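J.: Quick one: this structure, given as structure tokens, is what I'll be asking you about.
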Amino acid sequence: MAITHAKNAASFVNNEARVNWHSAALLALRDKRDLQAKSVDEWERMREAASQMKLHVLSHLPALLEEFSARCESNGIIVHWARTAMEHNAIVADILQQRGRKKLVKSKSMLTEECHLVPYLEERGIECIETDLGERILQLRGDPPSHIVVPAIHLKKEEIGELFHERLGTEAGASDPTYLTQAARESLRDDFLTADAAMTGVNMAIASEGAFVVCTNEGNADMGAHLPDLHIAVMGMEKIVPDTASAALLMRMLARSAVGQPSTSYNSIFAAPRPGTEIHLVIVDNGRSRRMSDRRHAEIYKCIRCGACINTCPVYRRSGGHSYDYFIPGPIGLAISGDNSEANSEAWACTLCGSCSAICPVKVPLYQTIAYHREQLAHHKHLPYGKNTYMPLVGMVMKSPRRMALAMWLARLGMRLSPKPLLHRLGGGWTKSRDLPPPPRESFEAWYRKHGGVSDGH
């Protein structure tokens, strides 16, 4: 099995200026998060409370889902259950086709990316318009998201200006963010007015109320949901919280962790359809129950999709979101996809530095979960090419001080005598972007003994 992450990142990392700019943009979000966290005296107590609440949810999930579903239906919300991505897509398509709907305005949802909903609907003659500005930019480009919260973070304003000139008719060479945003809004206004159905995700589903919370900074979810008479909401089954107090706790932490602001601009609670309208809610499993059966994997479903782990990750910042094969990039994507045969080679796209776990608002043990996936891959002998061969040899050498000393002596000698092109070939991916340092003449142990260190017998 080949490691694909490094290959996917090759074109991105070749542009050093873009890499540095991308890293700085993400670090700026991390810095804003840190300032917001420090401004709340009880922040660490909030993290612990949120973590314990989500653990309670995971351990009582069937009962909470049943309570939520029953209360939703008593409120007039029609609830559907989907075991797989295809079932989710079929349910949504059936709702739309039965009512003769042809145009859907859609608020950003990672679940629909997970299920590949948009191409499924378009194949059936249903137009889907992404209404989140970042998502709309990517839709016009034909690109997938590169981030959970800021999906177009990898693009510069000049590139967006060129895109809008081509697709929306803006002035050539225009790159002013205000002007471009206004142009996007004018285009989307017609879509909002002519759509006959709307779709949103769900940030929190409140079991005790039979209601769900949708958080946006642009108000696009509200504009979509309130104009047509058909609103379809979709959610992963882990989005349940017990009560409004739990939802309020997460709402205090979500925007602070995501983009460093005290709250999202629009926090809407949908509890019942308006007279003459319909709300359909699709609750999706798609492998979640299977993954939750493994205790060391289950905690990833505490995640509230804030993206803080992505903003702080040194690998993501310098490789870009499109370097990951899974639909969610960064540490949370690696943690979720660890048992996915199509993405598990990416378990090594992580330094295990622990920054992601340290700042997660609900204390998801991210790097620990990624390390666990590596253990499982090694156990089942699903390691990337070479690791099954050379790592046991490395282990044998390192078990013996004498063998280790001999190996290091040979390595220093080989590095001094070998031509640089050969060293670069032997260095693999490491030497694609850097030179190996000149080898020292002697080992640290030899230097230490020579300069007054203890003898070998002590």
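The values are calculated or read from the model by the stated rules, or taken from the named source; none is laboratory data. Being a predicted model, the structure only gives us computed values, none of them experimental. Because the Cβ atoms are built from the backbone with ideal geometry, glycine has one as well, and the counts that use them run over all protein chains shown.
J.: Test of understanding: among 91, 95, 160, 126, which residue is farther than 29 Å from residue 276 by Cβ and not assigned by TED's automatic domain parsing to the domain that holds residue 330?
T.: Of the residues listed, the single one that is farther than 29 Å from residue 276 by Cβ and not assigned by TED's automatic domain parsing to the domain that holds residue 330 is 160.
J.: Can you say whether residue 100 is closer than 19 Å to residue 213 by Cα, at pLDDT 95 or above and not basic (Lys, Arg), as far as the supplied structure shows?
T.: On the way: closer than 19 Å to residue 213 by Cα: no; at pLDDT 95 or above: yes; not basic (Lys, Arg): yes.
Taking the combined requirement at face value, the residue does not satisfy it.
For (1) of a type outside the set (Gly, Ala, Ser); (2) in a helix (DSSP H, G or I); (3) at pLDDT below 95, each residue gets a yes or a no:
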{"residue": "136", "(1), (2), (3)": "yes, yes, no"}
{"residue": "158", "(1), (2), (3)": "yes, yes, no"}
{"residue": "161", "(1), (2), (3)": "no, yes, no"}
{"residue": "198", "(1), (2), (3)": "no, no, no"}
{"residue": "202", "(1), (2), (3)": "yes, no, no"}
{"residue": "232", "(1), (2), (3)": "yes, no, no"}
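J.: Would you pick out the residues in region 362-414 that are in contact with a helix residue (DSSP H, G or I) (Cβ under 8 Å, 6 or more places away or on another chain) and surrounded by fewer than 11 Cβ atoms within 10 Å (Cβ to Cβ)?
T.: 381, 396
J.: I would also like to ask the following. Of the residues that sit in region 70-91 and are over 23 Å from the mean Cα position of the chain (by Cα) and surrounded by fewer than 16 Cβ atoms within 10 Å (Cβ to Cβ), which one is farthest from residue 231 (Cα to Cα)?
T.: 70
J.: A further question on this structure: Going through 44, 67 one at a time, which residue ends up being part of a helix (DSSP H, G or I) and either touching a residue at least 60 places away in the same chain (Cβ under 8 Å) or buried (at least 18 other Cβ atoms within 10 Å of the Cβ) (or both)?
T.: It is 67.
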